[in-house]
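The values are calculated or read from the model by the stated rules, or taken from the named source; none is laboratory data. Given the structure is predicted, the values throughout are model-derived calculations rather than measurements. Ideal geometry is used to build each Cβ from the backbone, glycine not excepted, and the neighbour counts take in all protein chains shown. Heavy atoms of the whole protein, side chains included, go into the accessibility calculation; ligands, DNA and RNA do not. Shrake-Rupley method; radii C 1.70, N 1.55, O 1.52, S 1.80 Å.
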Amino acid sequence: MSVNNELEPTLTPGPVPAVLEVGDDVITVDRAWPRARRGDAEVVLAEGRDRWGRIRAAQLRMRPASGLGWQVSSVRVAPHGADPKLPDLSGASRSGTVVVHRYGKRAVVRRPDRYVKVVRPGTGPEIAAAARHGQTVAEQAGFEAPAVLEAGPGAVSFSILPGRSLHELGGVATRGEWSRWWQRWAVRWAALARPAADSGLATHSAHDEVVNLRRWLDRVDRLEALPAAVSHHVTARAEAVTTELVTGRAQELVVSHRDLHDKQILAHDASLGLLDFDTVSLAEPALDLANLWVHAVLRTDQGVWSRGHSEVAQQAILEVAEGLGVDSARFETYAEATRLRLACLYSFRPRHRSLALDWASASRPSV
């Protein structure tokens, strides 16, 4: 993969502060998601760790300040292990550890015998049904997937799979172990990504991917998350890739994860597990494969994996793409869409803002 930088942006502060201080709470922000505009304010959700190392969630309201870009005007920090819009969280967290918390949206609690996904009241049964469907699809292809243990209106409990994510293992596995895991993944993914016209699954088309990318571009534009010159450059790249997505020849849709990356794949001896398969849909095979491939590149740029480990993963993914008949140009188009989307996403995350600016300012890479 080659990258030629066309711009050399100065690292400017992003719209989301690196640290939130609200009363006695001091939270170091790790992740952030812009949500919506409400009146003259923009709402951004943030997640980080407090001074005791606990996961905490916050809702930020941001308003434009003359000549200063967007500034935080108010912050709501949820109590640890609680959320006014997720009433099931308090009970779930009493005997577990909160590992994910997006204010007002969802949370995940790790307990000794299960993971509990806490969601908005009334959405639990739908998530449980999708997860059961995803488990069946995954197991038919030789993957393991968490079983639904219990489902209520606002929480779904899942079994715990053995192993560690490929995200973690990429930094510690020997080259031989790493290669074997990716060979196993390749065989099983080729079995999973098959046409299923009568499956009843929702579809995610190239047009849907365009809508998703444009949604992120709009968020970046509204909150001025990228310097003006870089933002213009990203917009130009996005216009080209959206045209390619819509006018290019689409491949027959296959069973897809729709959010496939290295943190979603667990390895343990000869077994491989898939997480968060409740988004199972029908999509072009390039969608998942390009998303996973770009994340493999990302891990090297983040310093998580060595270049050699990343190249092993990239090669396995490209071989599966070839075996599934994915056109190389179509793969590159989906990879470019993924790269731009991640550049937008990380522009809101203080710890990775430098990387986001590098990706956003680069010329279009080749696979």
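Net length available on complete extension from ARG194 to ARG54 is 46.3 nm, with 0.36 nm assigned per residue and the Cα-Cα distance removed. Taking θ as phi - 60° and the Karplus parameters 6.51, -1.76 and 1.60, the scalar couplings of the range 70-80 work out to 9, 10, 6, 9, 7, 9, 10, 10, 6, x, 4 Hz in sequence order, x denoting glycine and proline. For the range 131-148, the Karplus equation 6.51 cos²θ - 1.76 cosθ + 1.60, evaluated at θ = phi - 60°, returns couplings of 5, 5, 4, x, 4, 4, 4, 4, 5, 5, 9, x, 8, 9, 8, x, 8, 6 Hz by residue, with Gly and Pro reported as x. One compactness figure for the range 303-344 is 1.31, namely its Cα radius of gyration divided by 2.2 N^0.38 Å. Placing unit charges on each Cβ (+1 for Lys and Arg, -1 for Asp and Glu) gives the chain a dipole about its Cα centre, and among LEU340, VAL43, THR242 the Cα reaching farthest toward its positive end belongs to VAL43.
Can you give me the accessible area per residue for the chain, using a 1.4 Å probe, in Å²?
Values: 16400 Å² over 367 residues.
So the chain comes to 45 Å² accessible per residue, rounded to a whole number.
Straight-distance candidates among the lysines for linking to LYS105, with alpha-carbon spacing under 16 Å and chain neighbours fewer than 8 residues away dropped: LYS85, LYS117.
Could you give the length gained by full extension between THR174 and ARG94, i.e. 0.36 nm per residue of separation minus their alpha carbon distance, to one decimal place? Before the final figure, lay out each step's value.
Values: separation 80, 0.36 × 80 = 28.80 nm, distance 3.84 nm.
Between THR174 and ARG94, full extension yields an extra 25.0 nm.
Using just its DSSP H runs of length 4 or more, each adding -39500 (n - 2.57), the chain gives a mean residue ellipticity at 222 nm of -13000 deg cm²/dmol after division by all residues. Each of VAL19 and ARG63 was given a label point 7 Å from its Cα along the Cα-to-Cβ line. The distance between the two points is 2.6 nm. For ALA196, the residues whose modelled amide H falls within less than 5 Å of its own, excluding neighbours fewer than 5 places apart on the same chain, are VAL255.
With R₀ set to 51 Å, the beta-carbon distance separating GLN315 from ALA41 gives a calculated FRET efficiency near 0.65. Only protein atoms count toward the accessible area here, which uses a 1.4 Å probe; on the range 203-271, the carbon and sulfur part of that area reaches 49 percent.
Here the Karplus curve 6.51 cos²θ - 1.76 cosθ + 1.60, taken at θ = phi - 60°, turns the phi angles of the range 245-251 into couplings of 4, 7, 9, x, 6, 7, 8 Hz, with x standing for Gly and Pro.
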